[in-house]
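Colleague: Handing you a structure now.
The values are calculated or read from the model by the stated rules, or taken from the named source; none is laboratory data. Computed from a predicted structure; not experimentally measured. Glycine gets a Cβ as well: all are built from the backbone with ideal geometry, and neighbour counts include every protein chain shown.
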Amino acid sequence: MCGNKVSAIHPHICIIILNWNGYAVTRDCLLSLQQICYPCFNIIIVDNGSTDNSVEKLSKEFNQIDYYPLDKNFGFTGGNNKGIVYVLNKYNPDYFLLLNNDTEVKSNFLEMLVIPFLTNKSVYATVPKIYFFNKKDTIWYAGGKVSKFSGIVTEFGKFKKDAPANSIQKPVGFVNGCAVLLSSKAINEIGLLDEQFFAYSEDTDYSLRIITSNHLMVYVPTAIVYHKVSYSFNNKANWFKYYLATRNIILLQRKHLNKNLFPVFIVWFTLRWVLYLSVKQILLKQFKTVPAIVKGFYDGLTNTKRYEL
């Protein structure tokens, strides 16, 4: 670790990790970060109002990193934003890595993520190849793109065994917030995450903002991360994820879609998302998720914010 910039080859990176009642997975994540070979980085744990004494327990074992406890859960967007501002004021790094606490990493992943920035000034974000933690040959993320009309993301290779096509470094149209390296230029020009989303679709929004700025996002397959997938929501009823996903896609399209197309999108979204998902959840006997989908639809249309974790 370091507190100062070392060189142009190894610029200073701050790794921001959100923790919310996730002592065990955060500990595993930190243990994997202890093995990375990159020479100049700092780790900041932003605690989103945990009630399980996470910070106290982690700080006893990992006393060389920063802890920034918050008084409540500000969501993925608010927690990361507060971490970014904290890091800017304390370190003013060259790059910011937003990393989920339910991940473990390969030792060279950070160095691999930096390289595209050093060779192309148009790059504002890089993302690794992400595997499922429990199926280390199966892709969770290998790049992606966003439909401008629907706001729905297509992630390349997801749920499939790894293949040669996933080993090609390339510009992408979507960077997943699970693990993304952002340059200080991106933070200065694009800004922080949009906190209206709380969680879900915030990375889609940020991807679209980078595209609008005419800069690049690059998928780096030699940077490897393993993801335990949605650990923060495992103890929360399934309905909350469906509520956020439904509401936030509408909020996303209210922000990015041409106003003349928005009514058409709503008709399509009602049929393809709301009705389809509701029927699917009924068939799966997940009855509590149906009103959550409807509430998310209503709140997206009316720009209403409700619920916190």
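Colleague: Go through the stretch 63-174 and tell me which strands (runs of 3 or more DSSP E), entirely inside it, have 1 or more residues that are in contact (Cβ under 8 Å) with a residue 60 or more places away in the chain and of a type in the set (Val, Ile, Thr).
Modeller: By residue number, 103-105, 123-132, 144-146.
Colleague: Return the pairs, sorted by first residue and then second, in which the second residue is of a type in the set (D, E, K, R), the first residue lies in the stretch 35-46 and is in the same structural domain as Ile84 (by TED's automatic domain parsing), the beta carbons are less than 6 Å apart, and the residues are 6+ apart or on different chains.
Modeller: Going by the 6 Å Cβ cut-off, the qualifying pairs are Tyr38/Glu111; Ile44/Asp66.
Colleague: Another one. Of the numbered conditions (1) assigned to a strand (DSSP E or B); (2) farther than 19 Å from Phe96 by Cα, Val218 satisfies every one except a single condition; which is it?
Modeller: Just one mismatch for Val218, condition (2).
Colleague: Please verify whether the stretch 227-239 includes one or more residues that are of a type in the set (A, V, I, L, M, F, W, C) and at pLDDT 95 or above.
Modeller: no
Colleague: Let me ask something else. In this structure, does Asp194 turn out to be touching a residue at least 60 places away in the same chain (Cβ under 8 Å) and either under 30 Å from His12 (Cβ atoms) or part of a helix (DSSP H, G or I) (or both)?
Modeller: Considered against the rule, which asks whether it is touching a residue at least 60 places away in the same chain (Cβ under 8 Å) and either under 30 Å from His12 (Cβ atoms) or part of a helix (DSSP H, G or I) (or both), Asp194 comes out as yes.
Colleague: Which of the residues belonging to the stretch 103-119 are surrounded by fewer than 22 Cβ atoms within 10 Å (Cβ to Cβ) and not hydrophobic (A, V, I, L, M, F, W, C)?
Modeller: Glu104, Lys106, Ser107, Asn108, Glu111, Pro116, Thr119, listed by residue number.
Colleague: May I pose another question? Among Pro164, Pro93, which is the only one that is at pLDDT 95 or above and surrounded by fewer than 17 Cβ atoms within 10 Å (Cβ to Cβ)?
Modeller: Pro164
Colleague: Does any residue of the stretch 37-51 turn out to be of a type outside the set (Ser, Thr, Tyr), buried (at least 16 other Cβ atoms within 10 Å of the Cβ) and over 29 Å from Gln196 (Cα atoms)?
Modeller: The answer is yes; a qualifying residue exists.
Colleague: So which residues in the stretch 175-184 are over 16 Å from Ile139 (Cα atoms) and part of a loop (DSSP other than H, G, I, E, B)?
Modeller: None; the set is empty.
Colleague: If Asn53 satisfies all but one of (1) more than 19 Å from the chain's Cα centre (by Cα); (2) without any contact (Cβ under 8 Å) to a residue 60 or more places away in the chain; (3) under 23 Å from Glu202 (Cβ atoms), what's the number of the condition it fails?
Modeller: Tallying (1) more than 19 Å from the chain's Cα centre (by Cα); (2) without any contact (Cβ under 8 Å) to a residue 60 or more places away in the chain; (3) under 23 Å from Glu202 (Cβ atoms), Asn53 fails exactly one: (3).
Colleague: Shifting gears a bit: Which residues, counting only those in the stretch 243-259, are over 17 Å from the mean Cα position of the chain (by Cα) and under 8 Å from Gly296 (Cα atoms)?
Modeller: Across the stretch 243-259, the qualifying residues are Tyr243, Thr246, Arg247.
Colleague: Criterion first (surrounded by 15 or more Cβ atoms within 10 Å (Cβ to Cβ) and either farther than 26 Å from Tyr226 by Cβ or modelled with pLDDT of 95 or more (or both)) does Lys72 satisfy it?
Modeller: Criteria not met by Lys72.
Colleague: Taking the residues in the stretch 122-134 that are modelled with pLDDT of 95 or more and either more than 17 Å from Ala223 (Cα to Cα) or charged (D, E, K, R) (or both) as candidates, determine which candidate is surrounded by the most Cβ atoms within 10 Å (Cβ to Cβ).
Modeller: Lys129
Colleague: Moving to a separate point now. Please enumerate the residues belonging to the stretch 275-300 that are aliphatic (A, V, I, L, M) and out of contact with any Lys or Arg (no Cβ under 9 Å at 6 or more places or on another chain).
Modeller: Correct list: Leu275, Leu277, Val279, Ile282, Leu283, Leu284, Val290, Ile293, Val294.
Colleague: Of these, Tyr242, Tyr206, Tyr200, Tyr226, which one is touching a Gly at 6+ places or on another chain (Cβ under 8 Å), of a type outside the set (A, V, I, L, M) and in the same structural domain as Gly177 (by TED's automatic domain parsing)?
Modeller: That would be Tyr206, the only listed residue that is touching a Gly at 6+ places or on another chain (Cβ under 8 Å), of a type outside the set (A, V, I, L, M) and in the same structural domain as Gly177 (by TED's automatic domain parsing).
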